[in-house]
Amino acid sequence: MKTETFKLNIDNKILEVEFNNLAERTNSSAFVKMGNTVVMATVVMSNKEIEEIDFFPLTVAYEERFYAVGKILGSRFTKREGRPSEQSILTSRLIDRAVRPLFPKNFRREVQVIITCLSWDKETDLASLGMIAASIVLHSSDIPWDGPIAPVRIGSVEGELKVFPTFNERETGDMDLLLAGLKSESKKEILINMIEAGMNEIPEETILKGLELSKKYHQDIIDFQDDIRSKIGKEKVKVLLPQSNEEIEAVVKEVVNSRIENTLKKDPTDDMPQIRDDLALKLKDLEDPNALRYGFSFFENYSEGIIHKYAIEKGLRFNGRGVEEIRDIFCDVSKIPMVHGTGLFSRGETRVLSFLTLGSPGDQKLFDEMERQEKKRFMHHYNFPPSCVGETGPLRGPGRREIGHGMLGEKALKPVIPNAETFPYTIRLVSEVLCSNGSSSMASTCAACLALMDGGVPIKAPVSGIAMGLMMEMNDNKSTEDKSYVVLTDVQGEEDHYGDMDFKAAGTEKGITALQMDIKVRGITREIIATTLSQSKKARLEILQKMKEAISEPRKELSPNAPRIYVLKIKPEQIGEVIGSGGKTINEIIDTCNVSIDIEETGEVFVTAENEESAQKAVEWIKNITREVVVGEMFQGLIKRVLDFGAFAEILPGQEGMIHISQLSEKRVEKVSDVVKVGDIVPVKVIFIDEQGRINLSLKEAKK
């Protein structure tokens with residue numbers, strides 16, 4: 001078997017790429033290794049173009065394998081990998097967002113990239129390694145692709161920026177910034193084509209420092225891949241451009257020319273859907289069977305050019321807004337009864353209603369995945385039904401987009417969520433998109449934050465989010481760094497469709513908590529990112545003020561509909577007493593008091609109930625079980641058993657003591673049953689506790 005191996009030293013870590021013929025029926029495949037982590041990447045391209053579609057059919061899948069961590073995971077009945085985990089879906093999206101913009105615009109062949117984790121050392125960043133692996137197989141294959149890309153992750157360890165932090169450093173640090181970089185057309189600058197970040201209120205200046213720090217590493221990883229291609233790369237397949245049709249193009253221009261500008265006015269006399277409908281009628285009159293397909297393809301490119309030109313040269317955008325102008329904002333809380341908190345956020349035609357649910361510690365989500373085996377007490381879920389864009393469609397479970405947008409909002413809000421020590425509740429937020437016309441994910445972040453404050457969750461600071469767009473000069477003869485551009489604040493649907501960037505920024509007044517950037521152009525410069533961060537900060541602060549008009553801070557009290565949690569501490573060795581034999585004691589408390597009880601190994605006991613009375617009853621029960629009796633205390637004892645040598649009396653729930661026959665009376669007692677019977681309640685005094693904790697009681701001493 002022929003094998004070729006390439007190595008690169010990255011900060012004393014060896015990146016190793018092995019090409020072999022184990023998957024020889026693919027267009028390219030490779031084993032990529034760092035430390036004891038190994039991923040396999042394959043890419044396959046279909047032989048024919050699909051003419052009937054108007055999009056590029058790319059599939060990117062990151063696959064987890066439980067054997068990679070030496071575990072037999074899965075459900076009790078199915079010990080194999082099933083539906084992709086949440087983490088693998090997010091990693092798939094991450095890689096897809098970085099590689100997709102680099103395929104030719106008119107490419108219509110199916111391409112599938114699969115990255116499979118074969119081994120994980122629990123330290124190496126799987127997302128970065130998977131992205132490198134995808135880039136390597138695409139770059140070395142015959143598939144037309146304008147890479148390579150180089151992912152660089154920047155963390156913050158004890159206040160210092162660190163490149164390629166470990167898994168644990170990412171989990172505990174204040175910043176987790178992933179940047180995908182590539183060379184500009186002129187080879188003079190490193191461009192960025194994908195950003196994903198979660199942060200703990202980090203200022204914009206620190207993010208720009210991270211960008212500067214990453215340059216060298218981008219360059220090294222790109223040069224490494226170029227070296228691989230120069231030695232083993234295949235010749236790229238030529239992409240056939242559609243032949244121009246002047247007759248169809250003339251029809252498109254006739255319909256479009258006088259009307260695009262009308263859509264950009266303050267009070268538009270036209271809109272893009274109407275233009276499309278009118279164009280379809282014109283194209284159907286032509287005898288050419290390809291008129292509709294070619295006509296709409298040309299329409300999109302032609303309209304895009306006009307919209308870009310007006311935005312860059314005249315500052316014109318849809319609905320006549322200024323480039324930094326935010327659409328009308330409306331916020332409200334407490335919209336729906338019975339739930340624990342609600343937040344409504346409306347920005348233009350985008351409207352999201354978020355719901356808060358508080359639960360007990362036992363309601364935490366349990367992860368039994370390859371990368372995560374833990375409990376999760378804060379969740380944000382996002383629903384995007386077809387009705388919110390005026391369409392019909394099947395209602396299935398959440399797709400990749402819903403999971404990704406939900407996680408973005410969760411990442412944005414997580415830094416302000418109170419810790420379990422001060423607020424022991426499990427927190428679930430659900431954002432329902434009611435109407436969408438641009439950036440429902442950031443609207444969800446704002447609505448969810450309002451719901452948290454409405455429900456009385458003591459968040460550290462309110463969080464707002466905004467989506468930024470970009471219109472860049474469409475001139476193929478210029479390199480990216482030489483092109484004119486304009487950054488748009490608060491992109492709406494058509495601007496997202498025709499624009500070049502979707503840059504989402506969320507944070508508090510103090511700093512950024514989450515970033516996510518996708519682009520359609522090849523890449524953007526550091527200057528564009530700096531401009532976008534500056535504009536987004538101004539917009540975020542403006543939105544925060546609008547949110548504070550609806551609710552300025554978290555309510556002092558929880559919703560009356562929310563459960564109440566009471567926390568008490570017992571000794572770890574007393575846990576067994578509370579649980580009882582086979583769970584008898586704890587189940588009796590739960591059933592009698594109508595509560596739920598969660599006990600940690602440290603001895604923390606969480607009692608959750610719908611009302612205070614039930615909770616206090618259970619708390620007192622547990623306190624009595626775990627109360628330490630001292631010599632000299634007096635009790636009213638319930639006789640539970642009568643024996644020849646004495647009687648056993650329950651003085652506290654679950655705690656009994658023995659009254660020896662000699663302690664029943666001042667007089668001599670012949671039979672214990674002559675003095676006490678089962679069910680009697682008698683005064684007793686604790687006279688002795690032996691080394692094994694056994695309690696000795698006296699009836700005669702209690703009567704003195």
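The values are calculated or read from the model by the stated rules, or taken from the named source; none is laboratory data. Worth saying up front: this structure is predicted, and the values here are computed from it rather than measured. Here the Cβ is made from the backbone with ideal geometry for all residues, glycine too, and neighbour counts use every protein chain on show.
Miscellaneous remarks
- Subset tally (residues that are surrounded by fewer than 19 Cβ atoms within 10 Å (Cβ to Cβ) and in a helix (DSSP H, G or I)) for segment 404-436: 1
- Every residue from segment 404-439 that is at pLDDT 95 or above and of a type in the set (A, V, I, L, M): Met407, Leu408, Ala412, Leu413, Val416, Ile417, Ile427, Leu429, Val430, Val433, Leu434
- In summary, Gly603 fulfils each of the numbered conditions (1) at positive phi; (2) out of contact with any Pro (no Cβ under 7 Å at 6 or more places or on another chain); (3) at pLDDT 90 or above; (4) surrounded by 12 or more Cβ atoms within 10 Å (Cβ to Cβ) with the single exception of condition (2).
- Residue match in segment 377-387 (condition: free of Cβ contacts under 8 Å to residues at least 24 places away in the same chain, part of a helix (DSSP H, G or I) and over 30 Å from Glu63 (Cβ atoms)): yes
- Residue count for segment 670-686, restricted to those that are surrounded by fewer than 18 Cβ atoms within 10 Å (Cβ to Cβ) and either within 12 Å of Ile659 (Cα to Cα) or touching a helix residue (DSSP H, G or I) at 6+ places or on another chain (Cβ under 8 Å) (or both): 1.
- Of all residues in segment 488-503, those being buried (at least 24 other Cβ atoms within 10 Å of the Cβ) and in a strand (DSSP E or B) number 3.
- Residues in segment 639-649 that are closer than 21 Å to Glu577 by Cα and surrounded by 17 or more Cβ atoms within 10 Å (Cβ to Cβ): 3 in all.
- Residue count, segment 659-682 (criterion: in contact with a Lys or Arg (Cβ under 7 Å, 6 or more places away or on another chain) and under 17 Å from Gly632 (Cβ atoms)): 1
- Filter result (in contact (Cβ under 8 Å) with a residue 40 or more places away in the chain, in a strand (DSSP E or B) and not aromatic (Phe, Trp, Tyr)) within segment 7-32: Leu8, Ile10, Lys13, Leu15, Val17, Ser28, Ser29, Ala30, Val32
- Checking Leu191, Leu118 one by one, the residue that is crowded, with 22+ Cβ neighbours inside 10 Å and at pLDDT 95 or above is Leu191 and no other.
- Strands (runs of 3 or more DSSP E) wholly inside segment 595-704 that include at least 1 residues being more than 57 Å from the chain's Cα centre (by Cα): 634-642, 646-652, 655-660, 681-689, 695-698
Residue-wise test of (1) more than 23 Å from Ile519 (Cα to Cα); (2) among the small types (Gly, Ala, Ser); (3) buried (at least 18 other Cβ atoms within 10 Å of the Cβ).
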position	(1), (2), (3)
Lys33	yes, no, yes
Val38	yes, no, yes
Val44	yes, no, yes
Asn47	yes, no, no
Pro57	no, no, no
Ile95	no, no, yes
Val99	no, no, yes
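- Among the residues of segment 148-172, just one is of a type in the set (Phe, Trp, Tyr) and either surrounded by 16 or more Cβ atoms within 10 Å (Cβ to Cβ) or within 16 Å of Ile207 (Cβ to Cβ) (or both), namely Phe164.
- Condition check for Arg97: part of a loop (DSSP other than H, G, I, E, B) and either assigned by TED's automatic domain parsing to the domain that holds Gly181 or modelled with pLDDT under 95 (or both): no
- Subset of segment 310-368 [of a type in the set (A, V, I, L, M), touching an Asp or Glu at 6+ places or on another chain (Cβ under 9 Å) and either part of a loop (DSSP other than H, G, I, E, B) or at positive phi (or both)]: Leu316, Ile326
- Exactly one residue out of Arg317, Arg377 is under 30 Å from Tyr485 (Cβ atoms) and among the basic types (Lys, Arg), and it is Arg317.
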